[in-house]
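Contents: one structure, followed by commentary.
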Amino acid sequence: MADPATYRPKAGEIPTSPGVYRFRDEHGRVVYVGKAKNLRQRLANYFQDVANLHERTRRMVTTAASVEWTVVGTEVEALALEFTWIQQYDPRFNVKYRDDKSYPYLAVTLGEEVPRAQVMRGAKRKGTRYFGPYGHAWAIRETLDLLLRVFPIRTCSAGVYKRAGQSGRPCLLGYIDKCSAPCVGRISVDDHRALVLDFCDFMAGDTAKFERRLTKRMQEAAAEMEYEQAARLRDDIEALRRATEKNAVVLGDATDADVFALVGDELEAAVQVFHVRGGRIRGQRGWIVEKVEDITDGELVEHLLQQVYGAADEVDGVEARDAVPREVLVPVLPPDLEQVGTWLSGLRGARVDVRVPQRGDKKELAATVRKNAEHALMVHRTRRAGDLTTRSQALAEIQEALDLDSAPLRIECYDISHTQGTYQSASMVVFEDGLARKSEYRSFSIRGSDGDGARDDTEAMHEVITRRFKRYLADRLKSNDVEMAAELSGGELSGGEVAADAPEEKARFAYPPSLVVVDGGPPQVAAAKRALDELGITDVALCGLAKRLEEVWVPGEDYPVILQRSSEGLYLLQRVRDEAHRFAITQHRRRRSKGMTASVLDDVPGLGPARKKVLLTHFGSLKRLKAASVEEIASVRGMGDKTAEAVVAALKA
């Protein structure tokens, strides 16, 4: 581990100009790339006392062995160079975008003499125009098959095209009129290119003019009594409409926008983008972003825009304009908004508006994109749960990391939820063999030493652990009494044949966990440990999972246990903690909702929900009910003198 002071450059050597810097390790590999408006100020932040640095930044500067920089003319140039270097070096401490290459596009190879439409994945190529991305390759082929009726462009491979030209016979698509067959000269190369450009215009959203054109030709053919031709044109129009209707209008017809959403935690995030062209959703794309550097949501959005649009300057001007829309709607504005906007405008050749949607249809669509991102993150975290091998690996990693005697087959996790100290609730969730056992979940209402709730989260955690394991000890004692009675009577405690109609024991709360996880750091862990010690519980392992850096804290240790960011064990602990948090919030909201709808009438003897409803309906409001006399209340249907007197006494108390 290197000391940053050993390679710190002198302050006077670092320019104050905009630029891009690279940290390299002892082997010369680039481990981090960043940009700065002022290189001297930015680099100075990395060479302060390492104890003051963020954990991820500290790991980066101690891994590095040298730093170098490149001065550029403007901040926009720095933005572009940073993207280029990240793509070139793939630094380990920069944010990672996974699953980026799996989305298929409909690609048109305009760079070829006879352009071809095809499904294409991977990095974008120069001279090729892309539409999408699509969720599935079959969606592209289905759309393309519909449109080949109207735009019979080439879709065959280079080998098929060459063989057809040599033999003088087109392929099957040429015979069924789904290809204009430029291979055999049925259409000239120039006319075929014009047909391809019309196809590209249609895919880019300019659909109305082609429908009008075909409608006019159909009407002319019908007027000249060429009914077969008119019928073919009618079918072509229907094919265009079906292809168009695959994407419903979600925004104004002229709207071109990319709508981004971001959901995540300290370690990773899910990103989704909807590509809207001509008011219709033309494609959807998603990433799982690994946060291997200390980065804010705004900075993550900036990196994301670099990732999505950075390759647009590698293609010709027409494609760049298609890649970058007029509007880019983001959840959080990037810190260098002006520079990002200038960079995107330069790629597009026209103004690009980067903003956060505030109202209307665009805000609603952004909420939909966010839901997709939330679902993607949930799937990413839980898709491993169904795999027995993966679950076993996760449990083995936790056993090794916490130095347990055996794998924690039953894990219980506890979390506290409240609103500024009110309606304090706690949750207990149970995972057995890596899977949630929702029938074993429990919730607790925190009482506190004086009955008004706990002073803080540590006291609440102490109370919950105490209550849960007091019940465990009581049930264990009861179980031991049953064993002793069985031994004294010469009977057997378990095993052997059991009658079919024998009463079944209720599920007990006494089954002890292998591992207790508390949501929090050292204070919460210490509180839980104190509760277990007071009860004499020594056979249950304990740890805490802190949200800030997903550190695993063990009682009595000064430093946390750090699991690898991509480890199955950490994923399982995260999932257990998140489920406890969700369940705690659910129970807290239920208590709060019930408490906020409580009424002074709740404690009136003999006054149930039905009679309360009758009273409030009769008087119209609680204010009028308070002003009513005993006689007026007693006159209401279902009320008597004694109940009326009790109501008046409760309202005046």
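Just one of the numbered conditions (1) at pLDDT below 75; (2) open to solvent by 50 Å² or more (accessible area, probe 1.4 Å) is not true of Asp361: (1). A Cβ distance below 8 Å, combined with a sequence gap of six or more or placement on separate chains, defines the contacts here; from the range 614-631, residues that are farther than 14 Å from Val648 by Cα reach residues that are modelled with pLDDT of 80 or more and surrounded by 15 or more Cβ atoms within 10 Å (Cβ to Cβ) in the pairs Val614/Val636; Val614/Met639; His618/Val636.
Is at least one residue of the range 313-321 surrounded by fewer than 21 Cβ atoms within 10 Å (Cβ to Cβ), modelled with pLDDT under 85 and under 29 Å from Arg92 (Cβ atoms)? Yes, that holds for at least one residue. Total residues in the range 10-30 satisfying the condition of being surrounded by fewer than 19 Cβ atoms within 10 Å (Cβ to Cβ) and aliphatic (A, V, I, L, M): the figure is 1. Residue selection: Arg22 fails the criterion of being touching a Phe, Trp or Tyr at 6+ places or on another chain (Cβ under 6 Å), charged (D, E, K, R) and not in a helix (DSSP H, G or I). Only one of the numbered conditions (1) assigned to a loop (DSSP other than H, G, I, E, B); (2) modelled with pLDDT of 85 or more; (3) open to solvent by 70 Å² or more (accessible area, probe 1.4 Å) is violated by Glu338, and that is (1).
Please work out if Asp387 is at pLDDT 90 or above and of a type outside the set (Ser, Thr, Tyr). Answer is no for this residue.
Looking across the range 564-593, the residues that are touching a strand residue (DSSP E or B) at 6+ places or on another chain (Cβ under 6 Å) and either over 12 Å from Cys413 (Cα atoms) or not small (Gly, Ala, Ser) (or both) come down to Leu573, Val576, Arg577, Glu579, His581, Phe583, Ile585, Gln587, His588, Arg591, Arg592. Test Ala486 against the criterion of being under 41 Å from the mean Cα position of the chain (by Cα) and either modelled with pLDDT of 85 or more or surrounded by 12 or more Cβ atoms within 10 Å (Cβ to Cβ) (or both), and give yes or no. No.
Regarding the range 448-468, can at least one residue be identified that is open to solvent by 30 Å² or more (accessible area, probe 1.4 Å) and part of a strand (DSSP E or B)? Taking every residue of the range 448-468 in turn, none turns out to be open to solvent by 30 Å² or more (accessible area, probe 1.4 Å) and part of a strand (DSSP E or B). The residue of the range 236-252 that is modelled with the lowest pLDDT, among those that are open to solvent by 60 Å² or more (accessible area, probe 1.4 Å) and either part of a helix (DSSP H, G or I) or of a type in the set (D, E, K, R) (or both), is Lys246. Among the residues of the range 49-58, just one is open to solvent by 60 Å² or more (accessible area, probe 1.4 Å) and among the basic types (Lys, Arg), namely Arg58. When we screen Val119, Val33, Val67, Val61 for residues that are in a strand (DSSP E or B), under 26 Å from Ala269 (Cβ atoms) and either open to solvent by less than 20 Å² (accessible area, probe 1.4 Å) or in contact (Cβ under 8 Å) with a residue 12 or more places away in the chain (or both), the only hit is Val33. Applying the condition of being open to solvent by 10 Å² or more (accessible area, probe 1.4 Å) and either assigned to a loop (DSSP other than H, G, I, E, B) or at pLDDT 70 or above (or both) to the range 322-333 and asking which residue is farthest from Glu268 (Cα to Cα) yields Arg326. Filtering Val263, Val289 for residues that are open to solvent by less than 10 Å² (accessible area, probe 1.4 Å), at pLDDT 70 or above, part of a strand (DSSP E or B) and within 19 Å of Val308 (Cβ to Cβ) leaves a single hit, Val289. Test Pro555 against the stated conditions and say whether it is modelled with pLDDT of 85 or more, out of contact with any Gly (no Cβ under 8 Å at 6 or more places or on another chain), surrounded by 14 or more Cβ atoms within 10 Å (Cβ to Cβ) and not in a helix (DSSP H, G or I). Yes. Is at least one residue of the range 432-446 at pLDDT 75 or above and more than 24 Å from Ala541 (Cα to Cα)? Scanning the range 432-446, I find at least one residue that is at pLDDT 75 or above and more than 24 Å from Ala541 (Cα to Cα), so the answer is yes. Only residues that are more than 22 Å from Tyr89 (Cβ to Cβ) and among the aromatic types (Phe, Trp, Tyr) were counted in the range 1-26, giving 0. For the range 99-106, check the following and say yes or no: at least one residue is at pLDDT 80 or above and either touching a helix residue (DSSP H, G or I) at 6+ places or on another chain (Cβ under 9 Å) or not charged (D, E, K, R) (or both). The answer is yes, given that some residue of the range 99-106 is at pLDDT 80 or above and either touching a helix residue (DSSP H, G or I) at 6+ places or on another chain (Cβ under 9 Å) or not charged (D, E, K, R) (or both). Among the helices (runs of 4 or more DSSP H) confined to the range 139-233, the ones with at least 3 residues that are in contact (Cβ under 8 Å) with a residue 60 or more places away in the chain, touching a strand residue (DSSP E or B) at 6+ places or on another chain (Cβ under 7 Å) and surrounded by 13 or more Cβ atoms within 10 Å (Cβ to Cβ) are located at 189-203.
Listed by first and then second residue, the pairs with beta-carbon distance under 8 Å, at least 6 apart or on different chains, first residue in the range 538-552 and under 17 Å from Thr466 (Cα atoms), second among the polar types (S, T, N, Q) and open to solvent by 20 Å² or more (accessible area, probe 1.4 Å), are Val540/Ser514; Ala541/Ser514; Gly544/Gln524.
The values are calculated or read from the model by the stated rules, or taken from the named source; none is laboratory data. These numbers come from a predicted model, not from an experiment. Here Cβ is always computed from backbone atoms with ideal geometry, including for glycine, and neighbour counts include all displayed protein chains. Please note that ligands, DNA and RNA were not included when accessible areas were found on the heavy atoms of the full protein model with its side chains. Shrake-Rupley method; radii C 1.70, N 1.55, O 1.52, S 1.80 Å.
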